[in-house]
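Okay, so here's the structure we're looking at.
The values are calculated or read from the model by the stated rules, or taken from the named source; none is laboratory data. Keep in mind that what you see is a predicted model, and the values were worked out from it rather than measured. Because the Cβ atoms are built from the backbone with ideal geometry, glycine has one as well, and the counts that use them run over all protein chains shown.
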Amino acid sequence: MGAQCPRCHAENRDIARFCARCGLVLAVGLDGTRRAGRIRHPQGVAVPDGYASCAEAADLHYRWESSLGGEALLGTEGINIFVFNSGYPLREVVFSVHGEGRDARELFAVERTVEELPQGEEIALEIPSYELPAPLGGLKVSLVSAEFRADS
């Protein structure tokens, strides 16, 4: 059985390091699967200042702020997380968001799904105030799964 390219869906030999049709590097994850989002775009878009890298994603970056805008005033108001895609256009993107309190203990862990995440665009994920049991001290965003958009 061959390795399917996550971008163009062409069948390749199991030992292939690059897709025979589109040339994409066929990177293999720790679990032996090939996944979109973990392959760096060869001509990525510049990431705006103030963004951190998402875990498990080559070209996804995030920043967060109070839902009121700017820094948190109380620490328990909702938050907005802005995710910027500097790489391949993605669809069916699933993020894992982990919030820590000011004492570094985990406050919450949620997943959010986004239907489309085009290259060079930013999307917003919201964590409402009722999901924040205490003032937020830190935040980590990681990619759970994604697919390359069919037209990419």
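Evaluated against (1) more than 25 Å from residue 48 (Cα to Cα); (2) buried (at least 19 other Cβ atoms within 10 Å of the Cβ), residue 74 falls short on exactly one condition, (2).
Yes or no: residue 37 in a loop (DSSP other than H, G, I, E, B) and at pLDDT 70 or above?
For residue 37, the condition - in a loop (DSSP other than H, G, I, E, B) and at pLDDT 70 or above - is not met.
On the stretch given as segment 93-121, residues that are closer than 19 Å to residue 68 by Cβ and surrounded by fewer than 16 Cβ atoms within 10 Å (Cβ to Cβ) total 1. On the stretch given as segment 82-98, residues that are in a loop (DSSP other than H, G, I, E, B) and among the hydroxyl-bearing types (Ser, Thr, Tyr) total 2. The residue of segment 128-146 that is modelled with the highest pLDDT, among those that are crowded, with 18+ Cβ neighbours inside 10 Å and within 14 Å of residue 62 (Cα to Cα), is 141.
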